[in-house]
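Undergrad: Before anything else, here's the structure in question.
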Amino acid sequence: MWDVSAPIYVNGVHWGAFRIGLSNENLIHETNKLRFWIFFVALLISLIMFIISFLVTKPIEHISTLSEFAERISKGDLSTKISLNRPDEIGLLADSLNMIIDSEQRLALGATNIAEGDFSTNIVERSEKDVVSQAFSKMVQNLQKSITALNQERGLLQTLLDNSVDMIYFKDLESKFIRISKSQAVRFGLENAND
């Protein structure tokens, strides 16, 4: 048995002592129970931390991948799609980014066709709120109208140059002839005004 005592003083006067007796056997038993519960709680906390880190780390890895992917899209890199087949919000975000890539690729193809002179490009809108595709479609329609109007003006100018008795010519900034009428071609002794 262990004996623990402590003196009690009140206003500097010794009033007695506080004494506790402890059994070694009970102390060892309670210590072992405490060790077991400390070990059990530590093991449980470790397991919970492992599960939490797994549950948090995996989505964070996917979010990091999606962030890098979104950054590539923002810089115009539409070469690859992301493949995350997940039924949660991360999967929905990946699908949305892939739809953005599809749309941007269609717009890029349309722009390339227009740049190469093919104005028959048809832009399909994804929804009523797809303002980018709507704006692109309007731009294509306006370009088609402008080209039609330009071709009509060009035709009128060519008719004027072919049929006018006046000598008409156009020069560039270096004073080189770039276009002349048939009358001007005859004056210069040319058989064709386009020579």
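Undergrad: Report, in listed order, any pair from Lys138/Lys182; Lys75/Lys129; Lys81/Lys138; Lys81/Lys129 with a Cα-Cα distance greater than 30 Å. Could the numbers behind the result be given before it?
TA: Details: Lys138/Lys182 39 Å; Lys75/Lys129 23 Å; Lys81/Lys138 28 Å; Lys81/Lys129 24 Å.
In this structure, Lys138/Lys182 exceed 30 Å between Cα atoms.
Undergrad: Specify the residue with the greatest mean-square fluctuation among Gly155, Gly21, Gly12, computed from a Gaussian network of the chain linking alpha-carbon atoms under 10 Å apart.
TA: Highest fluctuation of the listed residues: Gly12.
Undergrad: Which of Ile101, Leu78, Ile51 sits closest to the plus end of the dipole of segment 1-105, meaning its Cα is farthest towards the positive end, when Lys and Arg get +1 and Asp and Glu get -1 on the C-beta?
TA: Ile51
Undergrad: Nearest 500 deg cm²/dmol is fine: what mean residue ellipticity at 222 nm does the chain get from its DSSP H runs of n ≥ 4 alone, each adding -39,500 (n - 2.57), divided by its residue count? Write down the numbers at each step before the final one.
TA: Working: 4 runs with 118 residues, N = 195.
After summing the helix terms and dividing by the residues of the chain, the value is -22000 deg cm²/dmol.
Undergrad: Let me ask you something else. Could you do me a favour and compute the accessible area per residue for the chain, 1.4 Å probe, result in Å²?
TA: Details: 15420 Å² over 195 residues.
Heavy-atom SASA per residue in the chain reads 79 Å².
Undergrad: Moving to a separate point now. Using the alpha-carbon centroid of each, what span in Å lies between segment 141-195 and segment 39-94?
TA: Segment 141-195 and segment 39-94 have Cα centres spaced 65 Å from each other.
Undergrad: So who's got an amide H within less than 5 Å of the one on Arg179, skipping anything under 5 residues away but keeping other chains? H placed 1.01 Å off N, in plane.
TA: Phe170
Undergrad: Please give the peptides 164-172, 64-72 ranked by average Cβ packing (other Cβ atoms within 10 Å per residue), highest first, as a rough proxy for protection.
TA: Working: 164-172: 12.0, 64-72: 13.7.
So the peptides 164-172, 64-72, ranked by packing, come out 64-72, 164-172.
Undergrad: When the chain is treated as a GNM, springs tying every alpha-carbon pair under 10 Å, which of Ile20, Ile73, Ile90 comes out with the largest mean-square fluctuation?
TA: Ile20
Undergrad: Largest first, what is the accessible-area ranking of Trp15, Trp37 with a 1.4 Å probe? Mind showing how you got there, number by number?
TA: Numbers: Trp15 180, Trp37 140 Å².
Final ranking, largest accessible area leading: Trp15, Trp37.
Undergrad: Continuing with the same structure: Select one label from (i) 34, 27, 18; (ii) 36, 17, 14; (iii) 94, 21, 14: the one whose number is semi-axes √(5λ) of the Cα gyration tensor in Å as derived from the coordinates shown.
TA: Computed from the coordinates, semi-axes √(5λ) of the Cα gyration tensor in Å corresponds to (iii).
Undergrad: Ignoring ligands, DNA and RNA, what percent of the accessible area of the chain is carbon or sulfur (1.4 Å)? Show your work: numbers first, answer last.
TA: On the way: 9390 of 15420 Å².
Carbon plus sulfur share of accessible area: 61 percent.
The values are calculated or read from the model by the stated rules, or taken from the named source; none is laboratory data. It should be emphasised that the depicted structure is a prediction, and the values quoted were computed from it without experimental measurement. When we count neighbours, we look across all protein chains shown, and the Cβ atoms used for this are built from the backbone with ideal geometry, even at glycine. Ligands, DNA and RNA are excluded from the accessible area calculation, which covers all protein heavy atoms including side chains. Shrake-Rupley method; radii C 1.70, N 1.55, O 1.52, S 1.80 Å.
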